Amino acid sequence: MAIKTTLNYSPNFNSKKRKLSQIKFIIFHYTGMKSEKEAVDRLTDIKSQVSSHYLIKNNGKIITLVPDLYIAWHAGISSWKNYKSLNKNSIGIEIANPGHNFKYKKFSKAQISGLVNLSKFLIKKYKINSKNILGHSDIAPERKKDPGEKFPWEFLSKKGISYWYDLNQTQLMMNRKLKINIKEEKLFISNLSKIGYQKKTSNHLNLNQTNFKKIITKAFQRRFRPEIIDGNIDKECLIISENLIKK
């Protein structure tokens, strides 16, 4: 069953078609613009040099910006496991939301409903693994925060879109903010690498390893422990990471 969308093509894509088998990931973004119109204008402006394959409006309706088999310019400098520059292997979905710079807000029920339908369609069509459904902040943690801590990852995992840990919430809460030792901290960082996060800074922001460790931890927290995003590695974060690598 096809998804109903409105066409508003962007000029910002690679002219050469890719093979269907190259599509391995879905990447979620928020638009980060004050208004939906500004977001559409930017994604379709040749001067901006940015785009995505789809945009989900505030009312849940979907705009097609770039056909799936063309490479849209949404991920930028990015990595996940052994993949670099994920544009060539992903479908980008933008969701209208002002983002952290303009009074970040919860995504509407209509948007999430539209996202679920679109994602299920794409997962089935391209046989995408649930572990390969990511946020922009997962693949570009040094630069991006989207789709952010208000994005309903846990809810989506219950719909078969992405994945989540399987742990007792009460027990987890008991480990929140509990300090860990150096050995456990190294184990956590190693777990992040096994999950897919980049191992070291890309240096384009001149970060030292300590600052990078904080940034990569925030990216993990924003995704899997959104209640507290402080960059501090506590026992709860370690336990969640241990559970995730077993999935």
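The listed residues are VAL50, VAL66, and the only one of them that is farther than 21 Å from LEU20 by Cα and outside any helix (DSSP H, G or I) turns out to be VAL50.
Would you point out the residue of region 189-230, among those that are of a type in the set (Gly, Ala, Ser) and more than 18 Å from the chain's Cα centre (by Cα), that is nearest to ILE77 (Cα to Cα)? Taking the candidates together, the pick is SER202. Quick test for you: out of LYS120, LYS84, LYS158, LYS105, pick the one residue that is free of Cβ contacts under 8 Å to residues at least 24 places away in the same chain and farther than 20 Å from PHE224 by Cβ. Just a single option satisfies the conditions, and that option is LYS84.
Quick one: in region 118-161, of everything that is part of a helix (DSSP H, G or I), charged (D, E, K, R) and surrounded by 15 or more Cβ atoms within 10 Å (Cβ to Cβ), which residue is nearest to the chain's Cα centre (by Cα)? Only one residue fits best here, namely ASP138. Of note, SER90 satisfies the criterion of being closer than 20 Å to ILE23 by Cα, polar (S, T, N, Q), in contact (Cβ under 8 Å) with a residue 12 or more places away in the chain and in the same structural domain as LYS131 (by TED's automatic domain parsing).
Failed condition for ILE112, given (1) assigned to a strand (DSSP E or B); (2) more than 19 Å from LEU43 (Cα to Cα), with all others met? The single condition ILE112 does not satisfy is (1).
The values are calculated or read from the model by the stated rules, or taken from the named source; none is laboratory data. As the structure is a prediction and not an experimental result, all values here were calculated from the model. Because the Cβ atoms are built from the backbone with ideal geometry, glycine has one as well, and the counts that use them run over all protein chains shown.
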